[in-house]
1. Residues in region 186-207: is at least one in contact (Cβ under 8 Å) with a residue 40 or more places away in the chain, within 25 Å of residue 142 (Cβ to Cβ) and among the aromatic types (Phe, Trp, Tyr)?
2. When residue 44 is evaluated against the numbered criteria (1) modelled with pLDDT under 95; (2) over 18 Å from residue 98 (Cα atoms); (3) surrounded by fewer than 18 Cβ atoms within 10 Å (Cβ to Cβ), which criterion, by number, is the only one it fails?
3. Given region 82-151, what helices (runs of 4 or more DSSP H) lie entirely inside it while holding 2 or more residues that are more than 30 Å from residue 24 (Cβ to Cβ)?
4. When region 118-163 is examined, which residues are found to be out of contact with any Pro (no Cβ under 7 Å at 6 or more places or on another chain), aliphatic (A, V, I, L, M) and within 20 Å of residue 87 (Cβ to Cβ)?
5. So how many residues does region 51-63 have that are among the aliphatic types (A, V, I, L, M), surrounded by 22 or more Cβ atoms within 10 Å (Cβ to Cβ) and over 14 Å from residue 92 (Cα atoms)?
6. Please list, ordered by residue number, the helices (runs of 4 or more DSSP H) wholly in region 175-250 having 2 or more residues that are within 19 Å of the chain's Cα centre (by Cα) and within 27 Å of residue 41 (Cβ to Cβ).
7. Out of 78, 129, which single residue is crowded, with 19+ Cβ neighbours inside 10 Å and out of contact with any Ser or Thr (no Cβ under 8 Å at 6 or more places or on another chain)?
8. Suppose we filter 235, 227, 208 for residues that are touching a helix residue (DSSP H, G or I) at 6+ places or on another chain (Cβ under 8 Å) and modelled with pLDDT under 95; which single one remains?
Amino acid sequence: MAVAVEVRGETPRTQEARELSWIFDIPIDLGRPEDLLQRVTSWASRNGDGPRLPRRVMYANAHVLNQSAGNAELRGALEAADLVYCDGYGVRLAAKALEAPIPHRMTGADWIWSLAAMCEQIGESIYLLGSEPTVAGRAAANLERRFPALDVVGHHHGYFDVDSPHNDRVVEDINARRPSILLVGMGTPKQELWVQANAHRLDVDVLWTVGALFDVVSGKVPRAPGWLADNGLEWIFRLAIEPGRMWRRYLLGNPVFMRRVMTHARARHAGS
């Protein structure tokens, strides 16, 4: 059943009230994008020089929810997150079909610029981890060009074996730079599982999974026209410009997601 609840004190470090919409048993936050960004940046504050326990921010879209259905580790990572927000119209459609509160949509290509501006203003730093070699670096350069006072303390590509010594070197580099916010863009489920496995080792305030965000920020992949993005059709644009990478997610994944939604909706009505 998908219902709205208010959760207080989910964990010892999460004391604020949260309004949630449960979609396939994944808790999606109902806050407005501007409120969620304020919450995240409030977490990104240094508390002395001692060890920090990172907050975990993740997103949910049709692809993520499809993957979580058959991946218990991914589901566990989403359930353990301090904040899961809606990053796709599929989640909003699912909420409507399941008669659950409909979350606001907050897509990375929009919020990254607001986040960068807020971090620049309050003096919090970020580190970019993920995407192909050179892409994260170009994304970092574009952010610094647009926000000259923003402290981008480091970047590294996401093409390394997470069980290798290379992973240890990445963790060491992040900890040496002590960013306030670590943006992790490795794709689902790799990024969520990486966060789950390494959170306890990282000296950061916030761990935020961001998917292919660096491709957009770097200019490698163009953003969909507004009339498509604003009407839930951005997936058509992404399929058109990256058919080899996206065809399976959209042409196979979207029907699977909708069948799952309809199955749950029928079961809900049958039990009512």
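The values are calculated or read from the model by the stated rules, or taken from the named source; none is laboratory data. Quick caveat, the model's predicted, so the values are computed rather than measured. We place every Cβ from the backbone using ideal geometry, glycine too, and count neighbours over all the protein chains shown.
1. Checked region 186-207: no residue is in contact (Cβ under 8 Å) with a residue 40 or more places away in the chain, within 25 Å of residue 142 (Cβ to Cβ) and among the aromatic types (Phe, Trp, Tyr).
2. If we test residue 44 against (1) modelled with pLDDT under 95; (2) over 18 Å from residue 98 (Cα atoms); (3) surrounded by fewer than 18 Cβ atoms within 10 Å (Cβ to Cβ), just (3) comes out false.
3. Working: elements: 89-97, 108-122, 135-146.
Because the criterion is at least 2 residues that are more than 30 Å from residue 24 (Cβ to Cβ), the helices (runs of 4 or more DSSP H) in region 82-151 that meet it are 108-122, 135-146.
4. 118, 128, 129, 135, 136, 139, 143
5. Taking region 51-63 first, the residues among the aliphatic types (A, V, I, L, M) are 53, 57-58, 60, 62.
When the remaining residues are screened for being surrounded by 22 or more Cβ atoms within 10 Å (Cβ to Cβ), the result is 57-58, 60, 62.
Of the ones still in play, those that are also over 14 Å from residue 92 (Cα atoms) are 57-58.
Result for region 51-63: 2.
6. Numbers: elements: 190-198, 213-218, 226-229, 234-241, 243-247.
It comes to 190-198, 213-218.
7. Values: 78 fails: out of contact with any Ser or Thr (no Cβ under 8 Å at 6 or more places or on another chain).
Just one listed residue meets the conditions, 129.
8. Values: 227 fails: touching a helix residue (DSSP H, G or I) at 6+ places or on another chain (Cβ under 8 Å); 208 fails: modelled with pLDDT under 95.
Sole residue among the options that is touching a helix residue (DSSP H, G or I) at 6+ places or on another chain (Cβ under 8 Å) and modelled with pLDDT under 95: 235.
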